[in-house]
Amino acid sequence: MRSNFTMNALAILSLASITVGCDAVEIDGVEYQADDEALEDDEPLEDDEPLEAESTATPTTTDDLSVDTVSGDATTLALSGSWTLTGSTVVDHWGGQAAVTLPTGKIFALSNSSNNPKVAEIYDPATGTWSLAAPSNDDHTRGLVVRLSNGKVLAIGGYSSTTFTYAGTERYDPATNTWTSVSGGPTIADNGVAQAVTLSNGKVLVAGDGDNWTLSRSAKIYDPTSNKWTNTGNMIDYRAQFGMVALANGKVLAAGGSYIWTGTPGSHKAELYDPGTGTWSATGDLNNFHTNATATLLANGKVLLVGASTPELYDPGTGTWSLTGSTHNAFNDHSAIRLGSGKVLIAGGAGKKAETYDPSTGAWTVANDMNVSRWFRPAMSTLPGGLVLLSSAAGKQTEIYTP
């Protein structure tokens, strides 16, 4: 450790104020002495002899040392993870993709943008390449995609800006590379007005629907076994751009969002869905308004909500919210995913910026910058080995995050 830092200290000698004595070298007020023992009065300092800093602020590795080339000051940086470009998608997806991890470990991604509608692609982590899958029958621009418990994929809703028609629901089978239409699904013109989660019984709950002019509190349940949709209880509040996640106790939390089409700037309300009764009930209010929110279930059973305000934690045991550490960057239209370590990665909606949240400390750490700026909630998927694939919202370029 000390020899590495010695090289960096010597590298900035020309930039710093230096005082050299018989027993030590002083750099900007920090004294560096010989590693094993003090130098004798007339003993020369060997070129390869390590120096030891008496300052407690000494960085531990060269990777943590940043030098201001104007002032010569050393600043400790804390950057997490790394990003590596991987294979490009077959077509560009500037407007985004909706992606899920298949049981095989491959990634299925469906275009949810109007520039290349109906295009489905599959990423193979073994080769780092993308290939085309069978295109969907409908244009699922701004629709939802969910992986079912049987390994198939459900594409829900969307709206075509070219034909001005709403998409229905259809199911993709990776084994046969075919699509099958499903009747009776919700009408979703924008994934900002609806969210979908898989329940503990394997069914899928979709809450909220509507178009760019109206919102709905309605909710529906999809049963993969019967391949049918049924109505369930309405939400208490109208919501858009909200967070929704299944809890460890089997209930579903919907929180935050906005009433953007009714003139109200945001919602600090939260509610719970009980699959056993098919009803919603109010739970504790948020401390702040949260639009464009993501909700992530933590390993301890709590929920991290990240939106346009200070992030908050929901405790299902008490039904209350508490503020947690603030992000270093302002994120809007970001994506979030829980890592194998239990930390949470958020990326997108802030150029190349990304950050990780540590539930054990309640603190955020700035991650190394992505290679490409990404907006509009980029697709984020888990890969074998704890890696994360980030695709779309940046043309054809995709990249992998290594924690």
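The values are calculated or read from the model by the stated rules, or taken from the named source; none is laboratory data. Values in this document were obtained by computation on a predicted structure and should not be read as measured data. Methodologically, a virtual Cβ is constructed for each residue, glycine included, from the backbone with ideal geometry; neighbour enumeration extends over all protein chains shown.
Test of understanding: among 167, 120, 155, 126, which residue is small (Gly, Ala, Ser), assigned by TED's automatic domain parsing to the domain that holds residue 239 and either under 30 Å from residue 249 (Cα atoms) or touching a Phe, Trp or Tyr at 6+ places or on another chain (Cβ under 6 Å) (or both)?
On the way: 167 fails: either under 30 Å from residue 249 (Cα atoms) or touching a Phe, Trp or Tyr at 6+ places or on another chain (Cβ under 6 Å) (or both); 120 fails: either under 30 Å from residue 249 (Cα atoms) or touching a Phe, Trp or Tyr at 6+ places or on another chain (Cβ under 6 Å) (or both); 126 fails: either under 30 Å from residue 249 (Cα atoms) or touching a Phe, Trp or Tyr at 6+ places or on another chain (Cβ under 6 Å) (or both).
Exactly one residue qualifies, and that residue is 155.
Okay, residues lined up against (1) surrounded by 14 or more Cβ atoms within 10 Å (Cβ to Cβ); (2) without any contact (Cβ under 8 Å) to a residue 60 or more places away in the chain:
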residue	(1), (2)
98	yes, no
102	yes, no
109	yes, no
114	yes, yes
121	yes, yes
127	no, yes
133	yes, yes
136	yes, yes
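What residue, among those in segment 282-321 that are farther than 16 Å from residue 271 by Cα and among the aliphatic types (A, V, I, L, M), is surrounded by the fewest Cβ atoms within 10 Å (Cβ to Cβ)?
299
Among the listed residues 295, 299, identify the single one that is at pLDDT 95 or above, assigned to a strand (DSSP E or B) and assigned by TED's automatic domain parsing to the domain that holds residue 207. Give the steps one after another, and end with the answer.
Details: 299 fails: assigned to a strand (DSSP E or B).
Just a single option satisfies the conditions, and that option is 295.
Kindly indicate the residue of segment 312-339 that is touching a Gly at 6+ places or on another chain (Cβ under 7 Å) and modelled with pLDDT of 95 or more and also nearest to residue 245 (Cα to Cα) among those meeting that condition.
316
For segment 308-352, what are the residues that are free of Cβ contacts under 8 Å to residues at least 60 places away in the same chain, under 15 Å from the mean Cα position of the chain (by Cα) and assigned to a strand (DSSP E or B)?
Selection gives 335, 336, 337, 338, 344, 346, 347.
Filter segment 352-367 down to the residues that are surrounded by fewer than 21 Cβ atoms within 10 Å (Cβ to Cβ) and touching an Asp or Glu at 6+ places or on another chain (Cβ under 8 Å), then identify the one that is nearest to residue 302 (Cα to Cα).
365
Any idea which of (1) under 16 Å from residue 239 (Cα atoms); (2) crowded, with 23+ Cβ neighbours inside 10 Å; (3) at pLDDT 90 or above is the one residue 222 doesn't satisfy?
Result: residue 222 fails condition (1) only.
Any chance you could count how many residues in segment 83-117 are in a strand (DSSP E or B), among the polar types (S, T, N, Q) and touching a Pro at 6+ places or on another chain (Cβ under 9 Å)?
Qualifying residue count for the region: 3.
Given the residues 381, 335, 391, which is the only one that is in contact with a strand residue (DSSP E or B) (Cβ under 7 Å, 6 or more places away or on another chain) and within 22 Å of residue 309 (Cβ to Cβ)?
335
Of all strands (runs of 3 or more DSSP E) completely enclosed by segment 353-403, which ones contain at least 2 residues that are within 15 Å of residue 341 (Cα to Cα) and charged (D, E, K, R)?
Working: elements: 354-358, 363-366, 379-382, 388-391, 398-402.
Answer list for segment 353-403: 354-358.
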